[in-house]
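Notes to accompany the following structure.
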Amino acid sequence: MLSELKKLGVTIAIDDFGTEYSSLSRLKMLPIDRIKMAMQFVHGISANNKDEAILQVMIHLAKSLKLKVIAEGVETDTQLEFLSQRMCDEIQGYYFYKPMSAGEIETILKNFGTR
């Protein structure tokens, strides 16, 4: 089914990569385009050398397999800098915005072009 979706142009990601059911064998078997690294590793940046090592390996592995990399749970300048220096493609998290209502998002988007 994933291969059929991919033929339609849908991009496929493995969420929370590095935890629970995400295994390296899935990188070989599934037609994926990107991995989303679990936030528990991102939160360890500057606090835990093991988390930093795991993130570096995951980014390198994904790049070697021609996959995009997304980091979840980015909240600080330190985390952003660490991930940027290692060529992480995208970030998600409170670094930019906390959750907000549709009206708040609409206001931001309307004002975006006026900056």
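Structure notes:
- Subset of the stretch 8-47 (residues that are in a loop (DSSP other than H, G, I, E, B) and at positive phi): Gly9, Gly18, Glu20, Ser46
- Any hit, the stretch 42-65, residues being exposed (fewer than 13 other Cβ atoms within 10 Å of the Cβ) and either in contact with a helix residue (DSSP H, G or I) (Cβ under 6 Å, 6 or more places away or on another chain) or closer than 25 Å to Ser3 by Cα (or both): yes
- Residue that is nearest to His43 (Cα to Cα) [pool: residues in the stretch 53-84 that are in contact with a strand residue (DSSP E or B) (Cβ under 6 Å, 6 or more places away or on another chain) and part of a helix (DSSP H, G or I)]: Leu83
- Any hit, the stretch 58-69, residues being hydrophobic (A, V, I, L, M, F, W, C) and at positive phi: no
- If you filter the stretch 42-58 down to residues that are under 16 Å from the mean Cα position of the chain (by Cα) and charged (D, E, K, R), you find that the one that is farthest from Ser23 (Cα to Cα) is Glu52.
Bear in mind that the values in this text are calculations on the coordinates, not laboratory data. Since this is a predicted model, take the numbers as computed values, not measurements. Methodologically, a virtual Cβ is constructed for each residue, glycine included, from the backbone with ideal geometry; neighbour enumeration extends over all protein chains shown.
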